[in-house]
Ligand code: DP6
């Protein structure tokens with residue numbers, strides 16, 4: 001059948017204050033507010049069109065069962081029943097161990113709803129009843145961190161209301177995120193399982209109690225463009241989340257020997273005044289180096305020299321997802 005193809009590019013995001021632990025796993029209600037920077041070069045491209053029969057082709061097999069489940073949820077929740085032909089691929093290499101569920105589930109949500117409603121822009125989606133806020137709310141149900149990928153710049157997901165808001169636009173401060181891929185081995189404990197383990201950690205309650213203050217520090221450092229203050233806060237934040245992970249039930253240990261070696265090297269280089277970059281780490285062994293965009297080149301070179309085995313993905317603050325309609329195709 002002849003059908004219009006809707007194409008979404010949705011970026012990944014890196015959390016500066018982490019979403020870790022859920023108050024309600026079924027409804028995807030987080031235990032705490034989180035704040036991320038939307039990225040630009042690490043994104044998922046998803047195309048969707050109404051078709052005769054449903055299909056979901058994922059170039060890297062990256063989306064897997066989360067995508068199927070989320071599509072079923074969207075259909076049931078919104079009452080659409082037209083079958084969709086969907087293809088999806090990531091801009092970053094297959095199985096490189098960086099999070100793809102945020103960009104993947106954000107792209108899938110927007111592309112599927114665009115195909116069902118026939119919308120070819122965010123304005124048309126809003127007219128059809130799908131404001132960006134509603135899309136973020138729906139994307140959240142597929143993967144929590146996906147709701148932050150609906151917006152550009154520095155984005156906060158509020159735990160009490162589930163609202164997602166832009167703290168600062170991308171042009172306020174262009175930061176680089178150099179993703180240092182140290183290992184692409186599959187995770188022993190999925191992040192979804194590990195979220196559930198957080199409540200058993202004795203470190204979780206004190207973490208939740210201290211987070212509002214750290215969030216205020218991060219927001220303040222972003223407003224003032226104070227990289228050292230931001231860096232200190234995000235390193236403590238990542239280390240605290242990993243301490244909760246390691247002491248949870250099930251315990252999840254995402255640090256590897258090379259992660260630790262990298263952090264020691266980075267802190268020594270920084271102490272010696274050779275580079276101004278700070279780390280954050282998600283549910284995996286790989287390190288995100290946050291630095292001024294202008295320093296990204298020389299810092300990447302220093303990393304390549306010290307860790308020739310690492311693969312680098314150089315990213316920066318981005319503007320959020322895009323949606324467009326391609327030419328009509330014969331879709332089966
Ligand atoms: C460590 O969003 O992947 O990256 O909601 O179960 O899909 P689900 O979890 P997910 O968790 C992300 C955890 C994190 C921190 C963050 O992105 O805030």
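The values are calculated or read from the model by the stated rules, or taken from the named source; none is laboratory data. From a predicted model like this one, the values you see are computed outputs, not experimental measurements. Here the Cβ positions follow ideal geometry from the backbone for every residue, glycine too, while neighbour counts run over all protein chains shown.
Things to note:
Per-residue answers, yes or no, for (1) in a loop (DSSP other than H, G, I, E, B); (2) modelled with pLDDT of 95 or more; (3) within 12 Å of the ligand (Cβ to nearest atom):
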{"position": "5", "(1), (2), (3)": "no, yes, no"}
{"position": "37", "(1), (2), (3)": "no, yes, yes"}
{"position": "41", "(1), (2), (3)": "no, yes, no"}
{"position": "65", "(1), (2), (3)": "no, no, yes"}
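- Inter-residue pairs, beta-carbon under 8 Å, first farther than 26 Å from residue 315 by Cβ and in the stretch 7-26, second in a strand (DSSP E or B) and more than 9 Å from the ligand (Cβ to nearest atom), 6+ apart: 22/29; 23/29
- Taking the criterion of being assigned to a helix (DSSP H, G or I), surrounded by 22 or more Cβ atoms within 10 Å (Cβ to Cβ) and in contact with a strand residue (DSSP E or B) (Cβ under 7 Å, 6 or more places away or on another chain), the residues of the stretch 239-278 that qualify are 262, 266.
- Residue 203 out of contact with any strand residue (DSSP E or B) (no Cβ under 6 Å at 6 or more places or on another chain), touching a residue at least 24 places away in the same chain (Cβ under 8 Å) and at negative phi: yes
- The conditions of being in a helix (DSSP H, G or I), touching a helix residue (DSSP H, G or I) at 6+ places or on another chain (Cβ under 6 Å) and farther than 30 Å from residue 223 by Cα are not met by residue 119.
- Considered as a group, the residues in the stretch 92-111 that are over 15 Å from the mean Cα position of the chain (by Cα) and surrounded by fewer than 24 Cβ atoms within 10 Å (Cβ to Cβ) include one that is modelled with the lowest pLDDT, and that residue is 95.
- Screening residue 73 on (1) on the phi > 0 side of the Ramachandran plot; (2) within 13 Å of the ligand (Cβ to nearest atom); (3) more than 20 Å from the chain's Cα centre (by Cα) shows it passes everything except condition (1).
- So residue 54, is it more than 12 Å from the ligand (Cβ to nearest atom) and farther than 20 Å from residue 329 by Cβ: no
- The set of residues in the stretch 180-213 being under 19 Å from residue 37 (Cα atoms) and surrounded by 19 or more Cβ atoms within 10 Å (Cβ to Cβ) consists of 180, 181, 211.
- Test: residue in the stretch 127-144 that is without any contact (Cβ under 8 Å) to a residue 60 or more places away in the chain and under 14 Å from the mean Cα position of the chain (by Cα): yes
- Strands (runs of 3 or more DSSP E) enclosed by the stretch 139-230 - at least 2 residues per element that are more than 14 Å from the ligand (Cβ to nearest atom), touching a helix residue (DSSP H, G or I) at 6+ places or on another chain (Cβ under 8 Å) and over 30 Å from residue 308 (Cβ atoms): 164-168
- Those residues of the stretch 226-236 which are in contact with a strand residue (DSSP E or B) (Cβ under 9 Å, 6 or more places away or on another chain) and farther than 15 Å from residue 177 by Cβ, in sequence order: 228, 232, 233
- From the list 282, 315, the lone residue that is under 30 Å from residue 10 (Cα atoms), modelled with pLDDT of 95 or more, buried (at least 17 other Cβ atoms within 10 Å of the Cβ) and within 16 Å of the ligand (Cβ to nearest atom) is 315.
- Against the test of being at pLDDT below 95, in contact with a strand residue (DSSP E or B) (Cβ under 7 Å, 6 or more places away or on another chain) and either within 12 Å of the ligand (Cβ to nearest atom) or farther than 30 Å from residue 291 by Cβ (or both), the options 59, 114 yield a single qualifying residue, 59.
- Checklist (1) closer than 16 Å to residue 320 by Cα; (2) in a helix (DSSP H, G or I) applied to residue 124, failing item: (1)
- Matching option when the condition is within 16 Å of the ligand (Cβ to nearest atom) and out of contact with any strand residue (DSSP E or B) (no Cβ under 7 Å at 6 or more places or on another chain), among 24, 81: 24
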